[in-house]
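S.K.: Provided herewith is a single structure, encoded as structure tokens, for subsequent inquiry.
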Amino acid sequence: MDFVRNFPLFCIILTLFSGPCSMIMSGKHARRLNLFVIGAVGLMSVAVFFNVLDGGSYIYYMGHFPAPWGNEIRVGILEAIMAVFFCIIMFLSMIGGAYERSQEFEESKENLYYVMVNLLLSSLIALIYTNDLFTAYVFVEINTISACGMIMIKQSGHTLEAATRYMIMSLLGSGMLLLGICFLYGITGHLLMSNIKEQVAVIAAGGAYHAPLMIAIGLMCVGLAIKSALFPFHSWLPDAYGYSTVSSAAILSSLVSKGYIFLLIKIFYRVIGFDVIQESRVINVFFLFGIAGMMIGSIYAIKEDNIRRMIAYSSVAQIGYIYMGFGLGTQMGILASVYHIFSHAATKSLLFVAGAGLSECSGGSKKFHGLTGAAFRNRLAGVAFTVGAFSMVGFPLFSGFMSKVLFAQAALEVPGKILATMIALAISTILNVIYFMKTVVRIYTPASCDVLCDAENYKTVTMKTHPEKSVVLIAFILLNLFLGLFSQLLTQLCERGLGMFS
């Protein structure tokens, strides 16, 4: 079992080197390598999960050099679960968006796309496992560059503009994160997370360097909030998700922002210390902007007439839920946010892939008018989108329902924020019902004559038309039901994982 402890490093190295290898391959072989790498990383992550489940968390010393000379990987239950889940979502998203990728960008650029995906997975795995703050920053930048490449691979006017806006906002966030790390290094003299935490505890107890410490916390938190599209830093998100290819939109919305959020959780627990974070005012800022994001994101989604952009604006609202949980400033609030990372990732990928299926049978239209009756022309996509919509709204049995229950339970532990949280959850749920249910009603409304006047572009899509996508949609539906029905098992594991963070 000791050999299994090398797997996190193997995952990072495998994904990192598979990127350049894809560059010299044809598109078909690069695609096969990409799926193999994702599958291999997923299997190794499963082995790591069972290893830490029995043996507890551990630290892997890079080159067997201890701190402060060596770099470290720290592995626990939560890291292993997150790595497994990220691989599942990425694997399904890549298969589910394969048909659209073949239609939307040139075959000569296909291998370049897989270079970006492999590097993106490498950065996500590194963000999950690293115990070094500067290493985390390096992979944040790799993540940013890879995501930009995945957005602009279509080379349309919309995607080029979206990639430019994404790059500008991401560089702003990265710059603030780096400044925060520099401040923290200046007052602690360390870059390893556990060493920084020891020095921060001394600083907080003695009262020295209080102002620089608060500045460092503020810079890192705001930087990661910008990169994860917390309101009001969300302006890049609708175009980036709405106009990129389906697999890119599914991966970006489900995984990229969650990688940054996971790093922020590690900063809370392993770098600063949760007690210090609770005493700072950053949690109140997160609470206010989280609630604002829940409302504003939903309002923009209601106003949208494009299904892809509507799903994108929904992500702004869901990111708001996560930051609202952080803003509660309790272990239960963090736990609710962690669970919502899983719930939102599984559901948002489902919605993007199902939405692509609805557009395909409607002449490529993404406008609601053109999608009238689409669920009758592509029945599986209609069912899948309905399941995703029910989950986002918070219907029982689905993962979104348990997210809202956990947020409500967490709010009960914070008397001063109970009312605001409950009102926010209630209003947000009503807004979710408006834009998701109106879409479900639209796709299940029989098309009238004026919609069918362009009937030659409409077609019936069955499960046999794209069997791979059909399997993916069914898998996403089952995953959503699993998260909803077995939420207690997942939350217990996450709670143990957060305990290991400390």
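S.K.: Classify the range 230-306 as rounded, prolate or oblate, taking a ≥ b ≥ c as the square roots of the eigenvalues of its Cα gyration tensor: rounded when a/c is under 1.5, otherwise prolate if a/b is larger than b/c and oblate if not.
M.R.: Working: a/c = 4.03, a/b = 1.63, b/c = 2.48.
The shape class here is oblate.
S.K.: Same structure again: Suppose every K and R has +1 on its Cβ and every D and E has -1 on its Cβ; what is the size of the dipole of the chain about the Cα centre, in Debye to the nearest 20?
M.R.: On the way: 31 positive and 25 negative charges, 134 e Å.
Value, rounded to 20: 640 debye.
S.K.: Please grab the % of Cα pairs in the range 139-283 that end up more than 25 Å from each other. Mind dumping the intermediate values first?
M.R.: On the way: 3472 of 10440 pairs.
Counting pairs separated by more than 25 Å, the tail of P(r) holds 33 percent.
S.K.: Sorted by average packing, counted as other Cβ atoms within 10 angstrom per residue and highest first, what order do 474-481, 350-357 take?
M.R.: With the highest mean Cβ count within 10 Å placed first, the list reads 350-357, 474-481.
S.K.: So how strong a dipole does the range 189-293 carry about its Cα centre when Lys and Arg Cβ are +1 and Asp and Glu Cβ are -1, to the nearest 20 debye?
M.R.: The calculated dipole for the range 189-293 is roughly 120 debye.
S.K.: Which whole number in µm²/s is D for the range 374-502 by Stokes-Einstein, with the Kirkwood Rh taken over Cα pairs at 20 °C and 1.002 mPa s?
M.R.: This corresponds to a translational diffusion coefficient of 124 µm²/s.
S.K.: Let me have the 222 nm mean residue ellipticity of the chain computed from DSSP H runs of 4+ only, each contributing -39500 (n - 2.57), with the sum over all residues rounded to the nearest 500. Before the final figure, lay out the partial values.
M.R.: Numbers: 22 runs with 371 residues, N = 502.
For the chain, the value works out to -24500 deg cm²/dmol.
S.K.: For the cross-link pairs LYS266/LYS469; LYS303/LYS404; LYS227/LYS266; LYS266/LYS303; LYS303/LYS417; LYS28/LYS154, which exceed 27 Å when the distance is taken from alpha carbon to alpha carbon?
M.R.: LYS266/LYS469; LYS266/LYS303; LYS303/LYS417
S.K.: Where the eigenvalues come from the Cα gyration tensor of the range 73-148, what are the semi-axes √(5λ) of the equivalent ellipsoid, largest first, in whole Å?
M.R.: On the way: eigenvalues 144, 50, 9 Å².
Taking √(5λ) for each Cα gyration eigenvalue gives 27, 16, 7 Å.
S.K.: Another one. Please compute the per residue accessible area over the range 291-393 with all protein chains in place, 1.4 Å probe, rounded to a whole number of Å².
M.R.: Values: 1890 Å² over 103 residues.
Counting only protein heavy atoms, the per-residue value for the range 291-393 is 18 Å².
S.K.: Give me the 1.4 Å probe accessible area per residue for the range 11-96, excluding ligands and nucleic acids, in Å².
M.R.: 43 Å²
S.K.: For the range 398-441, report the convex hull volume of the alpha-carbon atoms normalised per residue, in Å³, without decimals.
M.R.: Normalising the Cα hull of the range 398-441 by residue number yields 48 Å³.
S.K.: I'd like the carbon and sulfur percentage of the solvent accessible area for the chain, probe radius 1.4 Å, heavy atoms only, ligands and nucleic acids excluded.
M.R.: The value for the chain is 69 percent carbon and sulfur by accessible area.
S.K.: If you don't mind, there's one more thing I want to ask. According to the Kirkwood expression over distinct Cα-Cα pairs, how big is the hydrodynamic radius of the chain, in Å?
M.R.: Taking every pair of different Cα atoms in the chain, averaging 1/r and inverting gives 22.8 Å.
S.K.: Using only the Cα atoms of the range 109-165, build the gyration tensor, take square roots of its eigenvalues as a ≥ b ≥ c, and label the shape rounded, prolate or oblate: rounded if a/c is under 1.5, else prolate if a/b is larger than b/c, else oblate. Mind dumping the intermediate values first?
M.R.: Values: a/c = 4.24, a/b = 1.94, b/c = 2.19.
Oblate is the answer for the range 109-165, as a/c is 1.5 or above yet b/c matches or exceeds a/b.
S.K.: Subtract the Cα-Cα distance of GLN278 and LYS459 from 0.36 nm times their separation in residues, and report this length gain in nm to one decimal.
M.R.: Length gained between GLN278 and LYS459: 59.6 nm.
S.K.: Normalised by the empirical 2.2 N^0.38 Å for globular proteins, what value does the Cα Rg of the range 271-366 take?
M.R.: Scaled against compact globular proteins, the figure is 1.32.
S.K.: Heavy-atom accessible area per residue, the range 138-234, 1.4 Å probe: how many Å²? Could you put the intermediate results ahead of the total?
M.R.: Details: 3860 Å² over 97 residues.
Heavy-atom SASA per residue in the range 138-234 reads 40 Å².
S.K.: Once you order the gyration tensor axes a ≥ b ≥ c over the Cα atoms, which shape class does the range 1-91 get: rounded for a/c under 1.5, otherwise prolate or oblate by comparing a/b with b/c?
M.R.: Cα axes put the range 1-91 in the oblate bin.
S.K.: Show me the three semi-axes of the equivalent ellipsoid for the range 177-223, from the C-alpha gyration tensor (sqrt of 5 times each eigenvalue), largest first, rounded to whole Å.
M.R.: Square roots of five times the eigenvalues give 16, 12, 8 Å.
S.K.: Given Cα positions, please report Rg to Rh for the range 337-415, the hydrodynamic radius being the Kirkwood one.
M.R.: Using Cα coordinates only, the ratio equals 1.13.
S.K.: Would you please name the trypsin sites (Lys or Arg not before Pro) within the range 200-281 that are DSSP coil residues with at most 12 other C-beta atoms within 10 Å of their C-beta?
M.R.: Sites meeting the loop and neighbour criteria: ARG281.
S.K.: For the range 42-194, list log₁₀ I(q)/I(0) at each q in 0.08, 0.16, 0.19 Å⁻¹, using the Debye formula over Cα point scatterers of equal strength and ignoring solvent, two decimals each.
M.R.: With one equal scatterer per Cα and no solvent, log10 I(q)/I(0) is -0.30, -1.02, -1.21.
The values are calculated or read from the model by the stated rules, or taken from the named source; none is laboratory data. Quick caveat, the model's predicted, so the values are computed rather than measured. Counting neighbours? That spans all protein chains shown, and the Cβs are built from the backbone with ideal geometry, glycine included. Ligands, DNA and RNA are stripped out before the accessible areas are found, and what is left, the full protein with its side chains, is counted by its heavy atoms. Shrake-Rupley method; radii C 1.70, N 1.55, O 1.52, S 1.80 Å.
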